[in-house]
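Step one of this worksheet: look at the structure below.
The values are calculated or read from the model by the stated rules, or taken from the named source; none is laboratory data. What you see is a predicted model, and the numbers here were worked out from it, not measured in a lab. Note that we place each Cβ from the backbone using ideal geometry, even for glycine, and neighbour counts take in every protein chain shown. Calculation scope for accessible area: heavy atoms of the full protein, side chains included, ligands and nucleic acids excluded. Shrake-Rupley method; radii C 1.70, N 1.55, O 1.52, S 1.80 Å.
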Amino acid sequence: MSGRDSWPEVPGVYFDGQVSRDHPATLQLGPDGARLRLPGRADHHWRAADVTVDPALPGVRRALSFPDGSRFETTDHAAVRDWESRQGRNRLLGGVARLEASWGAALGAVAVTGALLWGFVTFGLPVLARQAAAVTPQGVLATFDREALTVLEQQELVGPSRLSAARQAELQAAFRDVSAWAGGGYGYRLLLRDGEPAGSSGLGANAFALPNGTVVMTDQLVELGRSDRELIGVLAHEAGHVTQRHGLASVYQALGLGLIVTALTGDVVSASTFAAAVPVALVQGGYSRAAETQSDRIAARYLLERYGTTRPLQTILARLETAEGGAGGLPDLLNTHPGTDARIEHLRQLEDAAR
């Protein structure tokens, strides 16, 4: 056979553009056009340039539209795809459709998306959080401190200190020296609190810093320390978290991850609760390995300048490791990365390097 009779016939249905009823029909697709054959009716012919081929969608019939508003639909994707290729139509969209129809490509896309998301959460999000923390006005930091302390008190995690006025005065004087050395213009203050109010577990032996320079140290940690130098090492470590804005960065990182989860799950309601979760993120978020190492380095510098050794901080870290109820399940000097042994070894190395 030759000519139009040799064109492949594609089975399908025809819509005349006047009514919604479809008509069984066949369409011949050739190099110069398309010819529609309807039982009991005259054939219709259109030039190839006048035929519009809709992009392929998985599970949807292929549709070819004609200038008079009519269209032809078929499930023979291969025949339409072959004609498209010969006519140079929808090359890019055709490739997309083939990818969408491939389970391997779909699974590969999911894997790539997951890897990119993991990379952003692991590496990109911490960088953005640190940058955001660095440019946050100090006036905002006071609000973080105030709200975080409110949460601590409402949840009865801390209570009024039971230390004597004289002992509190000694620690306040030591902290003034540490904060003056740390600098940065923050609203430094030391809050001594009972970490086991009304007999509850509370924070236990603990110390942590809030973004604007408020450092909370519990009576239980003071009792655990066997010298003021040990406690001063703790205070210097917490001052390092303040000057490097580690607490604020951890909040931004927690909020950023929450926003990603909200975007993926469509949970709009939870997004409105992030502002209320900020104090919890400050107290329970913990610090990264890099943040702890950086704060240890700052504390070591202070101890080396004042006493020529990092041993006081090494000693109290080791004691916290073995003390009953040491970290109380909340981040402090202990409950973070890296591990205590690695941190003690790092402090030793800093002392050896200074010598």
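Is it true that residue 290 is more than 31 Å from the chain's Cα centre (by Cα), surrounded by fewer than 16 Cβ atoms within 10 Å (Cβ to Cβ) and at pLDDT 80 or above?
no
Residues 149, 210, 248: which one is of a type in the set (A, V, I, L, M, F, W, C) and more than 19 Å from residue 293 (Cα to Cα)?
149
For residue 145, indicate whether it is open to solvent by less than 20 Å² (accessible area, probe 1.4 Å), of a type in the set (Asp, Glu) and either part of a helix (DSSP H, G or I) or more than 25 Å from residue 222 (Cβ to Cβ) (or both).
Yes: the conditions hold for residue 145.
Any idea how many residues of region 158-177 are crowded, with 18+ Cβ neighbours inside 10 Å and touching a residue at least 60 places away in the same chain (Cβ under 8 Å)?
Selection size over region 158-177: 3.
So, in region 299-344, how many residues would count as being among the charged types (D, E, K, R), in a helix (DSSP H, G or I), surrounded by fewer than 19 Cβ atoms within 10 Å (Cβ to Cβ) and at pLDDT below 95?
Qualifying residue count for the region: 3.
Looking at (1) within 16 Å of residue 168 (Cβ to Cβ); (2) assigned to a helix (DSSP H, G or I), which one does residue 217 not meet, given that it meets all the others?
The failed condition is (2).
Read through the list (1) over 21 Å from residue 89 (Cβ atoms); (2) touching a strand residue (DSSP E or B) at 6+ places or on another chain (Cβ under 6 Å), then give the number of the only condition that residue 39 fails.
With respect to (1) over 21 Å from residue 89 (Cβ atoms); (2) touching a strand residue (DSSP E or B) at 6+ places or on another chain (Cβ under 6 Å), residue 39 is out only on (2).
Evaluate the following for residue 84: is it at pLDDT below 90, open to solvent by 10 Å² or more (accessible area, probe 1.4 Å) and acidic (Asp, Glu)?
Here the answer is yes, as residue 84 does meet what is asked.
Using the structure shown, decide if residue 203 is surrounded by fewer than 23 Cβ atoms within 10 Å (Cβ to Cβ) and either touching a helix residue (DSSP H, G or I) at 6+ places or on another chain (Cβ under 6 Å) or part of a loop (DSSP other than H, G, I, E, B) (or both).
Against the criterion (surrounded by fewer than 23 Cβ atoms within 10 Å (Cβ to Cβ) and either touching a helix residue (DSSP H, G or I) at 6+ places or on another chain (Cβ under 6 Å) or part of a loop (DSSP other than H, G, I, E, B) (or both)), residue 203 does not qualify.
Let me confirm something: among 180, 198, which residue is without any contact (Cβ under 8 Å) to a residue 40 or more places away in the chain, part of a helix (DSSP H, G or I), of a type outside the set (Lys, Arg) and open to solvent by 10 Å² or more (accessible area, probe 1.4 Å)?
180
Do the conditions hold for residue 229, that is, is it open to solvent by 10 Å² or more (accessible area, probe 1.4 Å) and within 20 Å of residue 310 (Cβ to Cβ)?
yes
Checking residue 69 against (1) over 15 Å from residue 27 (Cβ atoms); (2) modelled with pLDDT under 90, only one condition comes out false. Which one?
In the conditions (1) over 15 Å from residue 27 (Cβ atoms); (2) modelled with pLDDT under 90, residue 69 misses (2) alone.
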